[in-house]
Structures are given as C-alpha cells and as structure tokens.
Amino acid sequence: MFRHPLGEPFNIPGNNPFPITNLAANLPGVARPGNYEVVDDSDVSVRANTLNGFMFGSGPVRRFVGSMTTPITAQQIYPGGQSGSLLSPAYISQLPRWLVNAYKPLVIGRDAAVAGEVSRLNFTP
C-alpha cells in the first residue's frame, strides 16, 4: 500500500477513482516483486510464516538507469505520476510500469524535450 501523508483518498489502493484495489479483504496492498537481498529490496523477514508476513513498508522508490554517452540516454520511473492532483489521470500514471520494473525515457536537453513533449502549459504574467 502506498500511504499518503494526507491519508484517504490519496492512498493507493484506497477510496479513490483508480482501478487498483487490495488483493483481498485480509491481504491489503499492491503485489510487486521483491524479497530478501534482491534488486527490488523489500526488507521482509526470511522467516515470515503468516498471511501478511511478507508485507513491507519501505524500500527504494525512484529507479534510474543512465548511460553517460553523448547524448546521455536515460530511463527512470516513479511509483506515482506527474500530477499531485487526485482528480488527474496522471496521479498514478507511472505506477503500473513501476510495479513490473518498466521504465520511461528521461528526456534530457531542450531539443529532445521539445521533440518528446505531449502537452505544453505556458505561464505569462
């Protein structure tokens, strides 16, 4: 479960419009890979012997892979999205990719950013 400091409805899964739900009534949270001493470090007990014994509450969040070539090529992913607004589809837009260790290209440089833009918001005084 991704617990937001403001609580419901910002938690994922939670009482919100997103299609991500608890696994079962007695099995809260979101399934994702991980275990003891793996890339997806999840700090679980190797001796867990209860239904929720393999649950974990902390670990790495942002994942980044970069190659210092010219130009730099990089990919990254966050377990949330680009928006902090609960009503935005971008609130958890990266979570499905994060759960399966997929990445999105990290656009570096003005020309690459302009070529890869999806939308633009201009602020003027």
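Okay, here's what the table says:
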quantity	calculated
Segment E8-N22, length gained on full extension (0.36 nm per residue, minus Cα span)	3.6 nm
Gain upon complete extension [T124, F64; 0.36 nm per residue less C-alpha separation]	18.3 nm
Spin-label pair L99/V46, simplified geometry with 7 Å Cα→Cβ offset, distance in nm	2.9 nm
When the chain is reduced to its Cα atoms, the Kirkwood hydrodynamic radius in Å	17.0 Å
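Every number in this text was worked out from the coordinates using simple rules, so none of it is lab data. Nothing here was measured: the structure is a model prediction, and the numbers come from that model. All Cβ positions, glycine included, derive from the backbone under ideal geometry; neighbour counts span all protein chains shown.
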